[in-house]
Each structure stands twice: as C-alpha cells, then as structure tokens.
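A quick write-up on the structure given underneath.
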Amino acid sequence: MLGEHLTGFCDCGNEQETVEHVLCLCSKYTVIRGEFKGLNPCQFFLMGKCHFGNRCRLSHSDPSQDDSDAASPDADDKQDGGKMEDRKKKEDSVNKVVNKKPRMRTADDVISRILWDPSVDSSEFAVGYVDRFLGVLERPFCDFNWDTNPCDCDYSSELALPRHRIQYFTYRGQRVWDRHSRTDRVFGSTGQSLAPPFGKEEEVKAEFCKLILINFVNLFALRLQPSELPDESAIPAASPDQTEERRGGRPPKKQPTHFIAFRANTPAILSCFQLLQEELTSLLPSSAPHWQTASKLHVTLCLLVLNGPAEVAAAAEILRQFAHLDRNPPVAVTFPVKLKHFAGKVLYLSPQPQLHLHQLNCGLQEAYRKEGWLHRSSYNPRYHLTLAKVENRDGEKIFEGVGDLKVGKGLNFGRLPVNTLHLCTVGDSRVDGFFETVCKVTLR
C-alpha cells in the first residue's frame, strides 16, 4: 500500500510509489485494474491530466457517453419526440413567414408619388389626418407645404403635417390609401388593384367591353337583309352626348347648377375691396373690365348639380336642417391681403383660418355627397374670395405675376362672422346684384 516503504519505491521495484503509478502502470495491480477498468475510468484522463496516453492501463472512455450508447428504448422515444417537436416548431415558423402580411407602402411614398408623378393633379387629392383636439379632419392636399419640416414651419402663412398623423388619402372623394384598413390603391402593395389616376384597369375593362359590343352590333348589321334593315325615319335622333359617347370620347362633365355660399358684405370688406381695386387697376390697367361687383362678393362652400325642382327643394331642406345644428364656437374668418390667382385668370384672397371653415363645411358636403348632388370640384374645395375673373377661356392670363406686386399695404378687411348661408342659382342675378337665392338660412 502507499506509504508503507520508506524508500519511496513501489513493491514492483520499478518506479516510485505514487498514486498515478499504482493506478495506471504498476504490474502488481494489473488484475485488480482489469476488474474495475470498465467501471472506473482513468480519473486523470477525465481531468485531462493523464500523461501516459495509450500506455495507460485504465479506461480512457467517458462513462456518460457509454451510458448514452446503451440508452433504453424509452430514452430513444423521448429523443424522437423531441425531434418531432423541433420539426413542428420549424414548420410553424415557416408558416408564419408565409402568412406574414406584405409590407404596405408608407404615407411618405404616397406624398412623393403625388408630388412628382406628372400624370397626377395634386389639387384633386385630399388628406385625412388626426388633430389632437378635434379628431380626424380632412383638408386639400395643396394646403400643406410638404417640403417643410413641421418643426420649422411658420404656421401663420403655411402648414406642415407630421407623417404619423396621416390616416388616409382621397382622390375625387374616393380613398386610395388608408392606414387602418391597409388599403393601398396607389402602389398596390397590399394586393388591391390600382385606382385612377395611378392605374387604368377600370378604364381598360370598360373600353374592352365597349369594343366587343360595337363588333357584335356591326356583325349583326352585316347579316341583316336589306329588307330587314330598319327605316331611318323610325330611328330617333341621337343627342350630342350620345354621339360623343359613340365616337369613343368621354361623356361631357356635369356643370354645377347651384352653389352654397356666404356673402362678404361688411362695410370694412367693401371699402377695402374698392381701394384694392383702384390700386391694382393703376398697376394693371388690363384688369379693369374683369373686376367683380361689390354686391357679388362671396365665398363658395359647395357646388351642386340639381336636376329639377324636386331636387332643389330637397337640397334646401337639407340646408335648413344643417342650420339647426349647434356650433361652439361660431366660425369667423379674415382675409389677409395676399393676392393669389388660379391659372392667371382668377384673382382671389384666401379666408383664414381655413381649418374652422372646413370643419363647418364637412357635414354639409357629406349630406349632399350621399344624395349624389355634390359636384366633383367640391370634393377638395379651395375656399376663396374672388376679386376679379377673366370669363373668356382664351383670354389673357393677366394675373400671373400679381403675387410680386406690393399692393394693399395697410388694408384691413376685418373679421367676417359666418352666420348666414345662401343656396343660389349659378348664373342668374337679382336686382340687388347678388345671385338668385333659392334658400337663405341663419346658423345657430
């Protein structure tokens, strides 16, 4: 045994009596080591310190691996079950990737498309956005300065809109992009078809059906015998609109027949209008015959297409019901003297703030839109007080450079409360110079 010899040598007389020698190399304990070789592996090997390597007489195998090799069938079943679970997890993850919703194009992408696509008219778009105090509001796309950082915007003269507040975009009253319903008919990123003016699927289908119908009619006419052809006198004359449609052209646009407006007839407005007219006429003499009469000054809220007395009476009744709604606070506007123009032919001033005016008009527009009477130009209204207008379509664009003229300094049009609305007929004038009024209501 260890320590029994004072000389320090083992009984075999070959080497010193050390634990490593006795357990691994001593020939005196070979039989004993053989009995325990399978049960007791080399402890130095397990610790990574055995210096004898293959010469070691103890086992250099890991008992845990040996036990795993001789594992029971239950353990194999458990391993198979674990593999099945792993495989199911992988399949579920693959299915999740497959069923993942496609990425929707952002509001920034839509804004860039509207601004830079030459085939798109930005004035026909509107933006629905969240106001922190008033909820979801809708305003014309052109009212905002999209190139300005909202943090650097001067909200007294221009507006900017944070992108995360945008909820939807509409084109001529139809939504083409909606955040909550994941509607994208601008790019089609969520699977919907493209809507005009971004895609022409609907127009292509209509034209294709029209061509098929024309070919069928022509083929049927060729098969008719001369005696079977109808008498020309029995065929009713086609209207100009039908003739235009048969030629493949678009039907003519419906013209508005009535409009809803409030008058701008306070003493301050009338006096400032006269002074501004005199000042601008001295700088632009060609504009003299195009100025409006003071009695016709007004701001239009809605353009309507009414066919017949019954629809006119129904529209007047809607206006009367609208007038009984409570409004707090009442709406009032001012007219900063900043001259603007439409295509160089219409000179106007913009009422401010347009936000309150648009909130007043939204309910009225929605009521007439449901009836199908709202004219397409009123889907995205641009509120304005017309000062002068070139009636002739081929007339000269005399107001193009009016924004560079320094006129109207010191003029104050005052504050105009919007408390009376008029339903008027387009074109007709009364004795007092204003338009023929069908209905007049006072707001609460």
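The values are calculated or read from the model by the stated rules, or taken from the named source; none is laboratory data. All figures in this text were calculated on a predicted structure; none of them were measured in a lab. Virtual Cβ from ideal backbone geometry, glycine too; neighbours counted across all protein chains shown. For accessibility, only protein heavy atoms count, side chains too; no ligands or nucleic acids. Shrake-Rupley method; radii C 1.70, N 1.55, O 1.52, S 1.80 Å.
A few remarks follow.
- Residue check, Leu355 open to solvent by 10 Å² or more (accessible area, probe 1.4 Å) and part of a loop (DSSP other than H, G, I, E, B): no
- Checked against the criterion of being farther than 30 Å from Thr170 by Cβ and modelled with pLDDT of 60 or more, the stretch 31-41 contains one or more residues that satisfy it.
- Residues in the stretch 118-150 that are of a type in the set (S, T, N, Q) and farther than 24 Å from His375 by Cβ: 3 in all.
- In the set Met47, Met84, Met104, only one residue is in contact with a strand residue (DSSP E or B) (Cβ under 6 Å, 6 or more places away or on another chain) and either open to solvent by 90 Å² or more (accessible area, probe 1.4 Å) or modelled with pLDDT of 85 or more (or both); that residue is Met104.
- Pairs with Cβ under 6 Å, 6+ apart, first in the stretch 362-380 and closer than 16 Å to Ala313 by Cα and open to solvent by 30 Å² or more (accessible area, probe 1.4 Å), second among the hydrophobic types (A, V, I, L, M, F, W, C) and at pLDDT 85 or above: Ala367/Ile318
Here is a yes/no grid of residues against (1) within 29 Å of Trp373 (Cβ to Cβ); (2) in contact with a strand residue (DSSP E or B) (Cβ under 6 Å, 6 or more places away or on another chain); (3) open to solvent by less than 90 Å² (accessible area, probe 1.4 Å); (4) at pLDDT 90 or above:
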residue: Arg223; (1), (2), (3), (4): no, no, no, no
residue: Ser239; (1), (2), (3), (4): yes, no, yes, no
residue: Thr243; (1), (2), (3), (4): yes, no, yes, no
residue: Pro289; (1), (2), (3), (4): no, no, no, no
residue: Leu304; (1), (2), (3), (4): yes, yes, yes, yes
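- Val407 satisfies every condition listed in (1) open to solvent by less than 40 Å² (accessible area, probe 1.4 Å); (2) modelled with pLDDT of 85 or more except (2).
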